[in-house]
Structure formats: structure tokens, C-alpha cells
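A.B. asks: Take this structure first; my questions come after.
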Amino acid sequence: MSLFQGNCVELKPINEISGAFELSINLKNESVNKFNAETLAELKEALLKLPTNLSGLLVSSGKETFLAGADITEFLEHFKRPEPELATWIGETQTLFNQIEDLQAPTVCIIAGFALGGGFEFALTCDYRIAATGAKIGLPETKLGIIPGWGGTVRLPRLIGLDPAIEWITSGNQNDAQEAFKLGAVDAVVAPADLRNAGLDLLSKLTRNELEWKSRKGAKKSKLTLNSNEKTMGFSIMKAGVMAAAGPNYPAPFAAIEAIESSQNLGRDEALKNEALQFAKVSKSTQARALVGTFLADQAVKKKAKSAKAIAKEVKRAAVIGSGIMGGGIAYQSAYSKVPILMKDIREEALAHGMKEAASLLDKQIQRGKMTAMGMADTLSRITPTLDLQAVKSANFVVEAVTENEKVKIAVLQELENTLDPTAFLTSNTSTISITGLAKSLKRPENFCGMHFFNPVPKMPLVEIIRGEKTSPETIASAVQYASQMGKTPIVVNDCPGFLVNRVLFAYFTTFNQLVKQGVDFVRIDKVMEKWGWPMGPAYLLDVVGVDTAHHASAVMAKGFPDRMPLHEDDSVAILYRANRFGQKNGKGFYTYSVDAKGKPKKEIHPEIYSILGQDPSAPKADVSDAEIIDRLMLPFVFESARCLSEKIVDTAAELDLAMLTGLGFPPFRGGPMRYAEAVGTKTLFEKGSELNKKWGPLFEVTPGVKEALSHV
């Protein structure tokens, strides 16, 4: 009979071991275990029920996964507290966890599935840990802009040593069970079916004092033991490494190292106080708010995708039409995600190129140790190249990925519709062409939607699912489900020129053109925006996208939004297009490109570009500050995002932010345009917008829709 039985925690005797008990975490009505307020309250109650003559404790999970960590949704309210209050709150859970470590009896934790964040910190309080093969273990807090706060920075370095502990904590990576065993983070790795018996066997030996356990408790409570090199160089080297990897915009890894360093000569209880203070400090940062917000947005999108399953049709066999860069990438991603796919083209050499590209991508996975040769062969077998249109009849979900030309797409889509089963879904991979417009040529527009994949498909997480005027909910749900099966982040948007991401991006490009026309050096603009946080500045991005592609898209945007995004013949993109400078694809755009030793494009600045753009490098520089460059590029980006929200192009600010993060590489530490707007403050944005609108036009106009959308962030 259980000593304690709650909704989340159970404490019951172990019949096989006299005087021993099992503490099991099992949240009812939840797919995974996590530490929320209810679980922590029940844990506190359960521990009070432990007898004083306890002989041993087994800590386990009632689910296939041990503990996924803390419920971050509950943290946001706590983050609003003043730092001292926040540190006190963190200290309450630290004290609770200490009760496990302070038991005068041996403790064993058995880990299946995941032990992450607070879940792993909980496991660290035990004397021994056994993991199942396939288990993933780690402290991912720094990826959320915070640090471990329930003992991770204290116990892990004392358990596995300074260097590996800092590596685990600052990277935030998940580690497999074997790696954890090698370092001593777990004491054994067994098959999942043997996990419980292994835990009972170890606990039995401990209760009979066949193995030492008291010294283990002492080691985690003592000061940090460092060798001479670590004492003199360890922390400085680690800080330098973190600076190189994370940079100044991500303070959490530094805060974690500070917590460890400041506590190296302290016992557990004082060290935990330092950890709580560092946690409270870093959790108040704008970066933490942005990164936690992104995590929650991602969870919300996944939940939305999961709910789409109710009306979605399973994609049993897919097809992609076109085996170019996009079509080949889609075929690879589908096959890699174990969804068989036909790859149709009209040229044998195109199909051969598509298969070669897929093989090359898989070979890279083998080189990284993420796939075997057998796995590669198995994946390639899921791609069926074909020249025969009739073969596509066997597919129930088709992605058209031919050239970005409306007439060509219409002809291909009509032919496909006449070939496919009437119940099959048809989609178009397009970045600008109206889905509602394409659907007008189809007999079954309800079975048609857009699927805008981003290039390169294997690397870019986002897929925009575009709803046309007549697209059915079942079609959207099935497209969302297919994108999710492929490991992508599907975000549903309504049809408009440029959809969501490109519409906002071209507002940004429009003001970039204004700056260049004013005489501001594009190289300087790139450097300013890269320092601001973008992975590449607008000129470099245009070269990567393709100046010809951007020119075509600019025409679409100008037609859709002539007041805000007009197309001028003296725009830099138009000038480069006429000069056949298309960017990386033909080796010259804003920059000139050569190939480096690794076979990657290397950009250089060729003086001729300035004469092509009509600029005189020796002329006085435009009187524009770095701050103005940022405002003139980012305010239109934010305001156009707000317009998209106001017009219901996208459902929520969280989805909008996630789309910009996963589709454009918006700086993660800024959290997306809506999170950035919140950080800057609407009053400041509106004042700057009103001032810039007088000189630079309607992209800076604070319309009622913009004001309303931004007032809710």
C-alpha cells in the first residue's frame, strides 16, 4: 500500500527490499513528466512521509520518460518578481531537492527516455544513477537564456569534473547515456527492459553495504576539487571559449561559469545560494525573455500541429514535381523522415542530379556519425525518380516545385489534377505567387494550398502553409501534418503578396534600397546589421537569395503594395539585375564571389560595384548614423509584421516571431519582431516611426492597425 498517492507523485514500499521505498513521478493527464507547482508540492508531502528507519530509496518514473524538466510556462510569472524574491523561490526547490541527498540511506535513480534540466538536477541528488540505452541527459537551460537553478552548477562539476561539466552546461546539449556513463554522470547503462531490475539490484546491494554510498553524498556537498591546471587556467579558458562560441549577446553561459567559479571553495548550501542569485540575475535579461518566449512559441506551434491530426489524412506516399534545388531538397527531407516519395521531372539528367544531391546530403550524415551506410541505402530507396507522370497516381499528397513562373505552374498543376485521384492533395511550393490565383485554374481548389519551403530545405526549419480562399481545413491540416512528419515547423498563413515572411522581408529590402540610393555604403549597412544580430546583412542576403529572384519578387510586392514597396528602376536590386549580377549563383552581385579551400563561396568587395550602383567612393559619406540605419531597416520590418497581424495573415504574434526566427534567421536573442518591439517599447517605436514617415514614406506610418497590433505585444 502506498504511503503517499497524489496526482503526480507516489511513494510506496519496495516488497523485494526490507525497509526500502520507491518514489515515482507520474503526472496524470500529461504525456511527459515535468516539475510544475503541483508536482513539487506533492514531492514535498511525499518526502515527509518517509520513515526514519528508511533502508533505501529508488527514484523512478511512471512513464516511459523520466523527467523532461521544469514547466517553463510557470516560470514566466516568477520571472517578473524582483531578483531577491526570485532567488528565494529558487532556493525553496533547492532545499526540497537537498532532502533526497541528505537522507541517511542510499538512493538510486533509474532514468529512461529523457532526464533534462530540472529532471536531471533531481537525478543528481541521488547517490547512484542508472540509465537505459537511448536515454538523453543534459542541462539545456542556457539555450533558454537562463542557467540551471536547482543544483546543476553545483553538483555536476563535483560529480564529473570542471571541464566536462562546463561543456555540458554552457552548450545546453543533450548527451546520450553512453557518454554520460563515460564521464560518470550515470553509473551504468542497461537495456530499457532491464532498467527497473537493475535499479532494484543496485539498491539491494547498497542496503547491505556491499557498495559505498556515504562518501558520494559527501563529495557533492564539499568544495570543488580542481587540479593545478584547472585552478590556474580552467575558468579563463572556458570563458574565452564561450565568448568565441556564444558571443556577448548570450549572457547565460557566462552566468553559469560565474556561478561555478564563485562557488568553487564553498560547500553545497552556500554554493546553491550563489547559483540562485545568478539564476535570478540572468532570468531578468531581455535575452532570457526572448529565448523562453521562442521556446513557448515553438511548443504552441507543435501543439497546434498535433491537434491538426484529428482531421488530417496521413501522407502514405508523397510526390514532388521538379528535381531542382527545391524539389530535390523536398524529396530528400521526405525520405529522411521515412515518408516514401516520387520525384518527377521531365529530364533524366535532372533526376540524376536530384538523386546525387540526396546521396551527398546523406553521405554528410555518415561522416558526422549520424547515419550508417545501411541507413543511407534505406533512405535513398524511399525516393523513386520517374519521368512518367502516370506514376504520380499512387501519391496522395503532391508538392509542385517547378520554376517560379505563374503560367508554367498553372499548366503543371492542371495536368497533375487531371492525373491524381480526386481525394489527393495538391500543393505548390511558391514564394510569391498567389495561391488563390493559382487555384482559379483548378477543378478542386478545396484540395489545394501553398507549401513554401525555404532554401536550403534540409537546413531551414520553416514551412509556410498558405491557405487560399477555397482551401479546405482538411487540406491545411494534412499539409501541416506532412510538414511535421518531415521535421519542419509548419506555420499556417493566409494568402497575400509575399505571404508572411517575404512580405515582411521586402519591406526591409525596400528601405535598404533607399539607404543605398542615398549613398550609404552597402558594406557598412551589412556590418551594422550583422553587429545588431543578423547572420548576414541585407546586401549579402540578397546575393544569397539571388538578385534575379529578388527582382522578380520585388515586382510582385510592388503590384501588391505600390504605396509602400514600389519598384524603381534606380533601386540597387534593379540595377544589379540589369547588369546580370545575380549574386552567388553567377559569382557576382553586391559582392564578388570566389570559392575557398572548402569549396564554399567567399565574398570580396570589387571596386567596380560602386560605379555600377552610381556611387562615388571618394565623395562625402551620407550623414547617416549607425542607429539611423538600424531604425530605418527595422521599423518597417516591425511595422509590416504588425500589419500582417492586424490583417490576420498569421494568427498570433508568437507564430509570427517564430516564422521570422526559423525562416529568416532573425536574431534569436531578440526573440522575433514582436518581442523586439516589446523590448524597445511601443511609445519609442511610434515616435521614431512618425518622424521617419515624414521623410521616407508610408513604410514608417503608424497606422491604426499597426498601433493596435503592437499595443498587444
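The values are calculated or read from the model by the stated rules, or taken from the named source; none is laboratory data. Please read these numbers as outputs of a predicted model, since none were measured by experiment. All Cβ positions, glycine included, derive from the backbone under ideal geometry; neighbour counts span all protein chains shown.
A.B. asks: So which residues in the range 647-685 are part of a helix (DSSP H, G or I) and free of Cβ contacts under 8 Å to residues at least 24 places away in the same chain? It would help to see each step written out before you state the result.
C.D. replies: Within the range 647-685, the subset part of a helix (DSSP H, G or I) is 653-664, 668-670, 673-680, 682-685.
Once the filter is applied, which keeps residues that are part of a helix (DSSP H, G or I) and free of Cβ contacts under 8 Å to residues at least 24 places away in the same chain, the range 647-685 yields VAL680, LYS683, THR684.
A.B. asks: With outside the structural domain of SER472 (by TED's automatic domain parsing) and either part of a loop (DSSP other than H, G, I, E, B) or among the acidic types (Asp, Glu) (or both) as the only criterion, which of ALA310, ALA280 stands out? First the steps, then the outcome.
C.D. replies: Working: ALA280 fails: either part of a loop (DSSP other than H, G, I, E, B) or among the acidic types (Asp, Glu) (or both).
Only one candidate qualifies: ALA310.
A.B. asks: Give the residues of the range 549-563 that are touching a residue at least 60 places away in the same chain (Cβ under 8 Å) and either of a type in the set (A, V, I, L, M, F, W, C) or part of a helix (DSSP H, G or I) (or both), sorted by residue number. Please lay out each step first, then the result.
C.D. replies: As a first pass, look at the range 549-563 and keep what is touching a residue at least 60 places away in the same chain (Cβ under 8 Å): 549, 552-553, 556-557, 559-561, 563.
Result: THR549, HIS552, ALA553, VAL556, MET557, LYS559, GLY560, PHE561.
A.B. asks: Within the range 313-357, count every residue that is among the β-branched types (Val, Ile, Thr), surrounded by fewer than 22 Cβ atoms within 10 Å (Cβ to Cβ) and not in a loop (DSSP other than H, G, I, E, B).
C.D. replies: Residues that pass the stated criteria total 1.
Residue by residue, here is whether (1) crowded, with 22+ Cβ neighbours inside 10 Å; (2) farther than 15 Å from ILE330 by Cβ; (3) modelled with pLDDT under 95 holds:
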| site | (1), (2), (3) |
| --- | --- |
| LEU438 | yes, yes, no |
| LEU442 | no, yes, no |
| MET451 | yes, no, no |
| PRO456 | no, no, yes |
| TYR482 | yes, no, no |
| LYS488 | yes, no, no |
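A.B. asks: Please enumerate the residues belonging to the range 566-596 that are aromatic (Phe, Trp, Tyr) and either in contact with a strand residue (DSSP E or B) (Cβ under 7 Å, 6 or more places away or on another chain) or not in a loop (DSSP other than H, G, I, E, B) (or both). Spell out the reasoning first.
C.D. replies: Filtering the range 566-596 for residues aromatic (Phe, Trp, Tyr) gives 577, 582, 590-591, 593.
Correct list: TYR577, TYR591, TYR593.
A.B. asks: Moving to a separate point now. Just need a number here: residues in the range 695-713 that are in a helix (DSSP H, G or I) and either of a type in the set (A, V, I, L, M) or touching a Cys at 6+ places or on another chain (Cβ under 6 Å) (or both). Break it down into steps so the answer makes sense when it comes.
C.D. replies: The first filter runs over the range 695-713 and keeps only residues in a helix (DSSP H, G or I), leaving 695-696, 698-700, 704-711.
Right, trim to either of a type in the set (A, V, I, L, M) or touching a Cys at 6+ places or on another chain (Cβ under 6 Å) (or both) and you get 699, 706, 709-710.
Summing the residues that are in a helix (DSSP H, G or I) and either of a type in the set (A, V, I, L, M) or touching a Cys at 6+ places or on another chain (Cβ under 6 Å) (or both) in the range 695-713 gives 4.
A.B. asks: For THR73, indicate whether it is farther than 24 Å from ARG216 by Cβ, touching a strand residue (DSSP E or B) at 6+ places or on another chain (Cβ under 6 Å) and at pLDDT below 95.
C.D. replies: No; evaluated as a whole, the condition is false for this residue.
Each row is one residue, and each column tells you yes or no for (1) of a type in the set (S, T, N, Q); (2) crowded, with 24+ Cβ neighbours inside 10 Å; (3) within 17 Å of ILE25 (Cβ to Cβ).
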| site | (1), (2), (3) |
| --- | --- |
| ALA131 | no, yes, yes |
| ALA135 | no, yes, yes |
| PRO140 | no, no, no |
| GLY145 | no, yes, no |
| THR153 | yes, yes, no |
| PRO157 | no, yes, no |
| ILE169 | no, yes, no |
| LYS205 | no, no, no |
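A.B. asks: Also, I was wondering about something else. Among the candidates LEU50, LEU23, which residue alone is within 26 Å of ASP176 (Cα to Cα) and either in the same structural domain as SER222 (by TED's automatic domain parsing) or part of a loop (DSSP other than H, G, I, E, B) (or both)?
C.D. replies: Only one candidate passes the filter, namely LEU23.
A.B. asks: Let me ask something additional. Quickly run through the range 555-576 and pick out the residues that are crowded, with 18+ Cβ neighbours inside 10 Å, farther than 14 Å from VAL516 by Cβ and of a type outside the set (A, V, I, L, M).
C.D. replies: The answer is PHE561, ARG564.
A.B. asks: Every residue in the range 53-88 that is outside any helix (DSSP H, G or I) and either under 24 Å from the mean Cα position of the chain (by Cα) or not assigned by TED's automatic domain parsing to the domain that holds TRP213 (or both), please. Reasoning before the result, please.
C.D. replies: Looking only at the range 53-88, we keep the residues that are outside any helix (DSSP H, G or I), and these are 53-71, 80-82.
Scanning the range 53-88 gives THR65, PHE66, LEU67, ALA68, GLY69, ALA70, ASP71.
A.B. asks: I've got another one for you. Tally up the residues in the range 161-184 that are within 21 Å of PHE279 (Cβ to Cβ) and in contact with a helix residue (DSSP H, G or I) (Cβ under 6 Å, 6 or more places away or on another chain), please.
C.D. replies: 6
A.B. asks: Quick one: which of LEU54, LEU48, LEU43, LEU3 is at negative phi and without any contact (Cβ under 8 Å) to a residue 24 or more places away in the chain? First the steps, then the outcome.
C.D. replies: Details: LEU54 fails: without any contact (Cβ under 8 Å) to a residue 24 or more places away in the chain; LEU43 fails: without any contact (Cβ under 8 Å) to a residue 24 or more places away in the chain; LEU3 fails: without any contact (Cβ under 8 Å) to a residue 24 or more places away in the chain.
Every option except LEU48 fails the conditions.
A.B. asks: Those residues that are of a type in the set (A, V, I, L, M), within 25 Å of GLU530 (Cα to Cα) and either modelled with pLDDT of 90 or more or touching a Lys or Arg at 6+ places or on another chain (Cβ under 6 Å) (or both), I need them from the range 230-272; list them, please.
C.D. replies: ALA252, ALA255 - these are the residues of the range 230-272 that are of a type in the set (A, V, I, L, M), within 25 Å of GLU530 (Cα to Cα) and either modelled with pLDDT of 90 or more or touching a Lys or Arg at 6+ places or on another chain (Cβ under 6 Å) (or both).
A.B. asks: Considering (1) in a helix (DSSP H, G or I); (2) at pLDDT below 95, say which one GLU530 fails and leave the rest.
C.D. replies: Tallying (1) in a helix (DSSP H, G or I); (2) at pLDDT below 95, GLU530 fails exactly one: (2).
A.B. asks: Restrict the check to the range 281-291 and report whether at least one residue is under 30 Å from GLU74 (Cβ atoms), modelled with pLDDT of 95 or more and over 22 Å from the mean Cα position of the chain (by Cα).
C.D. replies: yes
A.B. asks: Out of all the residues in the range 126-140, is one or more under 21 Å from LEU195 (Cβ atoms) and in a helix (DSSP H, G or I)?
C.D. replies: Going through the range 126-140, the residues under 21 Å from LEU195 (Cβ atoms) turn out to be 126-138.
Next cut, in a helix (DSSP H, G or I) only: none.
The answer is no; no qualifying residue exists.
A.B. asks: Which residues, counting only those in the range 466-479, are closer than 18 Å to ALA395 by Cβ and buried (at least 24 other Cβ atoms within 10 Å of the Cβ)?
C.D. replies: Listed by number, the residues that qualify are THR475, SER478, ALA479.
A.B. asks: Can we say GLU141 is more than 30 Å from PRO51 (Cβ to Cβ), among the acidic types (Asp, Glu) and in contact (Cβ under 8 Å) with a residue 60 or more places away in the chain?
C.D. replies: Numbers: more than 30 Å from PRO51 (Cβ to Cβ): yes; among the acidic types (Asp, Glu): yes; in contact (Cβ under 8 Å) with a residue 60 or more places away in the chain: yes.
Considered against the rule, which asks whether it is more than 30 Å from PRO51 (Cβ to Cβ), among the acidic types (Asp, Glu) and in contact (Cβ under 8 Å) with a residue 60 or more places away in the chain, GLU141 comes out as yes.
A.B. asks: Moving on to the next point. When you look at GLY546, is it surrounded by fewer than 21 Cβ atoms within 10 Å (Cβ to Cβ), within 32 Å of the chain's Cα centre (by Cα) and in the same structural domain as THR510 (by TED's automatic domain parsing), yes or no? So that I can check it myself, show each step before the final result.
C.D. replies: Numbers: surrounded by fewer than 21 Cβ atoms within 10 Å (Cβ to Cβ): yes; within 32 Å of the chain's Cα centre (by Cα): yes; in the same structural domain as THR510 (by TED's automatic domain parsing): yes.
So GLY546 fits the description; yes.
A.B. asks: Would you call THR419 among the hydroxyl-bearing types (Ser, Thr, Tyr) and either within 18 Å of MET343 (Cα to Cα) or surrounded by fewer than 16 Cβ atoms within 10 Å (Cβ to Cβ) (or both)?
C.D. replies: Details: among the hydroxyl-bearing types (Ser, Thr, Tyr): yes; either within 18 Å of MET343 (Cα to Cα) or surrounded by fewer than 16 Cβ atoms within 10 Å (Cβ to Cβ) (or both): yes.
When the stated conditions are applied, THR419 passes them.
A.B. asks: Please determine whether any residue of the range 645-665 is buried (at least 16 other Cβ atoms within 10 Å of the Cβ), of a type outside the set (Ser, Thr, Tyr) and farther than 24 Å from LEU291 by Cβ.
C.D. replies: Within the range 645-665 (the criterion being buried (at least 16 other Cβ atoms within 10 Å of the Cβ), of a type outside the set (Ser, Thr, Tyr) and farther than 24 Å from LEU291 by Cβ), the answer is yes, since at least one residue qualifies.
A.B. asks: Would you check if ASN227 is touching a helix residue (DSSP H, G or I) at 6+ places or on another chain (Cβ under 9 Å), over 29 Å from MET660 (Cβ atoms) and either at pLDDT 95 or above or buried (at least 17 other Cβ atoms within 10 Å of the Cβ) (or both)?
C.D. replies: Values: touching a helix residue (DSSP H, G or I) at 6+ places or on another chain (Cβ under 9 Å): yes; over 29 Å from MET660 (Cβ atoms): yes; either at pLDDT 95 or above or buried (at least 17 other Cβ atoms within 10 Å of the Cβ) (or both): no.
Judged against the criteria, ASN227 is not a match.
A.B. asks: Could you check the range 31-45 and list, in sequence order, the residues that are in a loop (DSSP other than H, G, I, E, B) and within 15 Å of GLU92 (Cβ to Cβ)? Please lay out each step first, then the result.
C.D. replies: Residues of the range 31-45 that are in a loop (DSSP other than H, G, I, E, B), as a first pass: 31-34, 36.
The answer is ASN36, and nothing else.
A.B. asks: Being within 34 Å of the chain's Cα centre (by Cα) and either surrounded by 12 or more Cβ atoms within 10 Å (Cβ to Cβ) or of a type in the set (Val, Ile, Thr) (or both) is the filter here; which residues of the range 230-246 pass it?
C.D. replies: Quick first cut of the range 230-246, residues within 34 Å of the chain's Cα centre (by Cα) only: 230, 233-246.
Across the range 230-246, the qualifying residues are GLU230, GLY234, PHE235, ILE237, MET238, LYS239, GLY241, VAL242, MET243, ALA246.
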